[in-house]
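The values are calculated or read from the model by the stated rules, or taken from the named source; none is laboratory data. Please read all numbers here as calculations on a predicted model, not as lab measurements. No Cβ is skipped: glycine too gets one built from the backbone with ideal geometry, and neighbour counts run over all protein chains shown.
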């Protein structure tokens with residue numbers, strides 16, 4: 001298995017896209033299936049976001065300061081996804097807005113992954129050596145072992161989310 005950070009992130013993207021596709025293909029009333037798929041999405045996205053936020057983005061910011069704006073935009077895109085994930089984690093699959101909220105999550109995350117793969121990853125690959133990308137990837141593999149699997153909800157944010165989903 002490759003330890004190249006970009007290869008690892010693209011592999012995550014493929015796995016996430018498969019779950020998105022399965023959700024989109026689930027029947028309208030397939031609440032149990034949709035609930036299971038959203039649980040998978042939540043875990044995959046929580047781990048993926050964690051390793052990008054904790055390893056990839058900070059190191060790229062330090063090593064490639066010209067990509068600062070891209071990194072900051074990515075943090076904000078993660079924030080939007082995190083809020084949706086936290087809201088979905090608190091919802092039942094048969095809730096009125098569950099499918100709509102999941103669809104918005106899928107659209108936002110798909111846009112983010114496309115942007116990374118088509119624009120950002122090539123810039124990072126060009127700017128960093130193979131050794132640096134392999135070291136980052138090794139650190140990401142290690143971090144995945146202890147990464148959170150579910151979003152944490154600070155109490156103030158939880159109250160806001162509870163008000164939104166009711």
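Quick notes
- Remark: residue 6 matches the filter, which requires a residue to be assigned to a helix (DSSP H, G or I), within 24 Å of residue 125 (Cα to Cα), touching a helix residue (DSSP H, G or I) at 6+ places or on another chain (Cβ under 8 Å) and in contact (Cβ under 8 Å) with a residue 24 or more places away in the chain.
- Residue match in region 93-105 (condition: under 24 Å from residue 138 (Cα atoms) and assigned to a helix (DSSP H, G or I)): no
- Among residues of region 27-61, those that are over 30 Å from residue 134 (Cα atoms), more than 15 Å from the chain's Cα centre (by Cα) and crowded, with 20+ Cβ neighbours inside 10 Å, counted: 1
- Qualifying residue in region 127-141 (condition: part of a helix (DSSP H, G or I) and within 30 Å of residue 30 (Cβ to Cβ)): no
- Residues being in a helix (DSSP H, G or I), closer than 26 Å to residue 145 by Cα and modelled with pLDDT of 95 or more are represented in region 62-70 by at least one member.
- Residues of region 87-125 that turn out to be surrounded by 14 or more Cβ atoms within 10 Å (Cβ to Cβ) and within 16 Å of residue 75 (Cβ to Cβ), as a count: 8
- Region 131-146, subset over 23 Å from residue 69 (Cα atoms) and more than 18 Å from the chain's Cα centre (by Cα), residue surrounded by the fewest Cβ atoms within 10 Å (Cβ to Cβ): 131
- Cβ pairs under 6 Å, 6+ apart, first in region 110-135 and touching a residue at least 24 places away in the same chain (Cβ under 8 Å) and on the phi < 0 side of the Ramachandran plot, second surrounded by 11 or more Cβ atoms within 10 Å (Cβ to Cβ) and not in a helix (DSSP H, G or I): 127/64; 133/4; 134/3; 134/4
- Filtering region 23-39 to residues that are more than 12 Å from residue 88 (Cα to Cα) and in contact with a helix residue (DSSP H, G or I) (Cβ under 6 Å, 6 or more places away or on another chain) leaves 23, 26.
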